[in-house]
Amino acid sequence: MKDQDCIFCRIAAGEIPSTAVYEDEEFRVILDLGPAAKGHALVLPKEHYKDITEVPEEVLGKAFFLAGRVGAAMKKALGCAGFNVVQNNGVEAGQTVFHFHIHIIPRYEGGPSMVTWKQGTADPEEQKKIAEQIRSAL
Ligand code: AMP
Ligand code: ZN
């Protein structure tokens, strides 16, 4: 399905201009308009899925494989030391465009720290309960 009101559907279809890095029948990879670092790219499937929970297994496999290929190319071509693969689902998780996409963010030596969080502590009994709650919903 494609959604005419969805900006990433329209970018993936080539109806709205973008700076493309790669394209095939199922995906377009573009540079992010507000890059967190030089070369920040987005993998967009051409089909519309609102987030990861809607994406079929095969498409998801191809999308993440492509993210790895693009990251490797960034290391070769841009000289980044590594890269983060980030994927947001839901407003609270920072998703702002509700068409599934994968961020590939190059990381340069001496660059700013990003995609980080403060480690908490875990109570073993509580952890067991939480794991059981998740397991029962799978
Ligand atoms: P998220 O917050 O994970 O939904 O990511 C959405 C990303 O899309 C942000 O990093 C935006 O900078 C980027 N973005 C929004 N509109 C465009 C656009 N027209 N072209 C390229 N990137 C865009
Ligand atoms: Zn869409």
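Provide Val43, Val97 in ascending order of the number of other Cβ atoms located within 10 Å of each residue's Cβ, fewest first.
Values: Val43 26, Val97 14.
Starting with the residue having the fewest Cβ neighbours, the order is Val97, Val43.
May I ask for the angle, rounded to the nearest 10°, between helix 57-78 and the longest principal axis of the chain, with both axes built from Cα atoms and the value confined to 0 to 90°?
Helix 57-78 sits at roughly 70 degrees to that axis.
Distance between the C-alpha centers of the stretch 109-138 and the stretch 10-28? Whole Å please.
One Cα centre to the other: 35 Å.
Would you look at the GNM of the chain, springs on alpha carbons closer than 10 Å, and say which of Ala93, Ala67, Ala122 moves the most?
Looking only at Ala93, Ala67, Ala122, the biggest GNM fluctuation is shown by Ala122.
At 222 nm, what helix-only mean residue ellipticity would the chain give, in deg cm²/dmol to the nearest 500, using -39500 (n - 2.57) for each DSSP H run of four or more? Spell out each step's value before the answer.
On the way: 3 runs with 42 residues, N = 138.
About -10000 deg cm²/dmol.
Can you list which of the chymotrypsin sites (Phe, Trp or Tyr not before Pro) found in the stretch 75-117 are DSSP loop residues with at most 13 other C-beta atoms within 10 Å? Mind dumping the intermediate values first?
Numbers: sites: Phe83, Phe98, Phe100, Tyr108, Trp117; in loops: Phe98, Phe100, Tyr108, Trp117.
In loop regions of the stretch 75-117 (DSSP not H, G, I, E or B), the sparsely surrounded chymotrypsin sites (Phe, Trp or Tyr not before Pro) are Trp117.
If r is the Cβ-Cβ distance from Glu15 to Val97 and R0 is 22 Å, what FRET efficiency results, to the nearest 0.05? Before the final figure, lay out each step's value.
Details: r = 15 Å, r/R0 = 0.70.
FRET efficiency, Glu15 to Val97: 0.90.
What FRET efficiency comes out for Asn89 versus Asp123 if R0 is 35 angstrom and r is the Cβ-Cβ distance? Round to the nearest 0.05. Can you show the working numbers first?
Working: r = 26 Å, r/R0 = 0.76.
FRET efficiency, Asn89 to Asp123: 0.85.
Under 21 Å between alpha carbons, and skipping anything fewer than 8 positions from Lys2 in its own chain: which lysines qualify?
Of all the lysines, those that pass the test against Lys2 - Cα under 21 Å, at least 8 places apart if same chain - are Lys46, Lys50, Lys62.
Using the C-alpha atoms of the chain, what convex hull volume per residue, in cubic angstrom, is computed? Working shown, then result.
Working: hull volume 19.6 nm³, N = 138.
Once divided by residue count, the hull of the chain is 142 Å³.
Suppose we flag trypsin sites (Lys or Arg not before Pro) only when DSSP calls them loop and at most 16 other Cβ atoms lie within 10 Å. Which is the longest uninterrupted stretch of the chain? Write out the running numbers ahead of the final one.
Values: sites that count: Lys2, Lys38, Lys50, Lys118.
With trypsin sites (Lys or Arg not before Pro) excluded where exposed in loops, the chain gives 51-117 as its longest stretch.
Among all stretches of the chain without exposed GluC sites (Glu not before Pro) (DSSP loop, at most 14 other Cβ atoms within 10 Å), which one is longest?
Working: sites that count: Glu15, Glu25, Glu109.
For GluC sites (Glu not before Pro) (loop position, at most 14 other Cβ atoms within 10 Å), the longest site-free span of the chain is 26-108.
Between helix 124-137 and the chain, what is the angle of the helix's C-alpha long axis to the longest principal axis, kept within 0 to 90° and rounded to the nearest 10?
Between helix and principal axis, roughly 50 degrees.
Computed from the coordinates by the stated procedures, all read-outs in this text should not be read as laboratory data. In this text the structure is predicted, and so the values were computed from the model without any measurement. No Cβ is skipped: glycine too gets one built from the backbone with ideal geometry, and neighbour counts run over all protein chains shown.
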